[in-house]
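What follows is a single structure, written as structure tokens, with notes after it.
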């Protein structure tokens, strides 16, 4: 093909037909993909089908990518010898220029095995803590949540002082699963152990305080303890692990200033702040009724030393 006497290398009628055919194939494949996703959304509605819907969409994406790749190869490389040469050159170039992308793509297939996390799981990955809301070939999308005061100084800094959503959507490269540990809060055992620490003075009625902590924790977590028993048994069948009783328990810690009572109990992986708030309110109400005070870092002045004042100033008489 020539334009103004200039011959355009590689531009001919055959290649033009291939370009047109490529556009048509891409349009048809993407249209079929969109239609399949619409059907999935229509027939798999509701939270009960969330994970089925997620894995179905992942399968649609993989099939679309494979079909699209095979179609392009079939159109542009009808000669096997040319195909082998092209694949070798492309592979060498991609391996050098797209190392991180290839690693992220490999991480995607590792995640698809379901051994790390699924959509809806609460995880910490790449320094981001939150719920997995989407997964694609290169990145994992996480709805970020805050951090408890004990890890408030962790990077990045948080303004939400509990495990509740901050509103930020964070994307993390799938390659992070090869470089850093992935903490999963929900995969095998969708429960967590939580603690509430209350300091009391040594003169307070510690047995009564301990009983109050146990009753308040049991009152709000009795159903959770019963549900977690079955999940614990299932996890013990899969892993070599030994766990203590799931019922609440109080631990003592002696300090220089007060006696520290820590009640340990099981909670579900979500809505932890609401449950701890209810337990704290119940504890305060029961402490007031039992006339038990909470210790604080204050100083009690029990007496003053004798003070002696001396006036060395002499007054001179004035003349009238």
Looking at (1) surrounded by 13 or more Cβ atoms within 10 Å (Cβ to Cβ); (2) closer than 22 Å to residue 208 by Cα, find the lone condition where residue 289 falls short.
(1)
Quick one: would you say residue 215 is assigned by TED's automatic domain parsing to the domain that holds residue 196, out of contact with any helix residue (DSSP H, G or I) (no Cβ under 6 Å at 6 or more places or on another chain), over 29 Å from residue 121 (Cβ atoms) and part of a strand (DSSP E or B)?
no
With respect to residue 224, is the statement that it is in contact with a strand residue (DSSP E or B) (Cβ under 8 Å, 6 or more places away or on another chain) and touching a residue at least 60 places away in the same chain (Cβ under 8 Å) true?
no
I'm checking my understanding of the structure. Among residues of the stretch 200-212 that are assigned to a helix (DSSP H, G or I), out of contact with any strand residue (DSSP E or B) (no Cβ under 7 Å at 6 or more places or on another chain) and free of Cβ contacts under 8 Å to residues at least 60 places away in the same chain, which one is farthest from residue 246 (Cα to Cα)?
207
Cβ pairs under 6 Å, 6+ apart, first in the stretch 25-51 and farther than 29 Å from residue 74 by Cα, second modelled with pLDDT of 75 or more and surrounded by fewer than 14 Cβ atoms within 10 Å (Cβ to Cβ)
44/52; 50/120
Condition check for residue 257: exposed (fewer than 14 other Cβ atoms within 10 Å of the Cβ), in contact with a strand residue (DSSP E or B) (Cβ under 9 Å, 6 or more places away or on another chain) and within 25 Å of residue 165 (Cα to Cα)
no
Test for residue 282: is it more than 21 Å from the chain's Cα centre (by Cα), in a helix (DSSP H, G or I) and either free of Cβ contacts under 8 Å to residues at least 24 places away in the same chain or farther than 20 Å from residue 189 by Cα (or both):
yes
Answer residue from the stretch 108-132, given it is out of contact with any strand residue (DSSP E or B) (no Cβ under 9 Å at 6 or more places or on another chain) and not in a loop (DSSP other than H, G, I, E, B) and is farthest from residue 148 (Cα to Cα) among those:
109
Scope the stretch 166-192; condition surrounded by fewer than 14 Cβ atoms within 10 Å (Cβ to Cβ), touching a strand residue (DSSP E or B) at 6+ places or on another chain (Cβ under 9 Å) and either within 10 Å of residue 125 (Cβ to Cβ) or touching a residue at least 40 places away in the same chain (Cβ under 8 Å) (or both); matching residues
180, 181, 183
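Return yes or no: is residue 203 over 26 Å from residue 146 (Cβ atoms) and surrounded by fewer than 11 Cβ atoms within 10 Å (Cβ to Cβ)?
Spelling it out, residue 203 is indeed over 26 Å from residue 146 (Cβ atoms) and surrounded by fewer than 11 Cβ atoms within 10 Å (Cβ to Cβ).
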Would you mind stating whether residue 114 is at pLDDT 85 or above and not assigned by TED's automatic domain parsing to the domain that holds residue 57?
no
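The values are calculated or read from the model by the stated rules, or taken from the named source; none is laboratory data. Please read all numbers here as calculations on a predicted model, not as lab measurements. Glycine also receives a Cβ, built like all others from the backbone with ideal geometry; neighbour counts cover every protein chain displayed.
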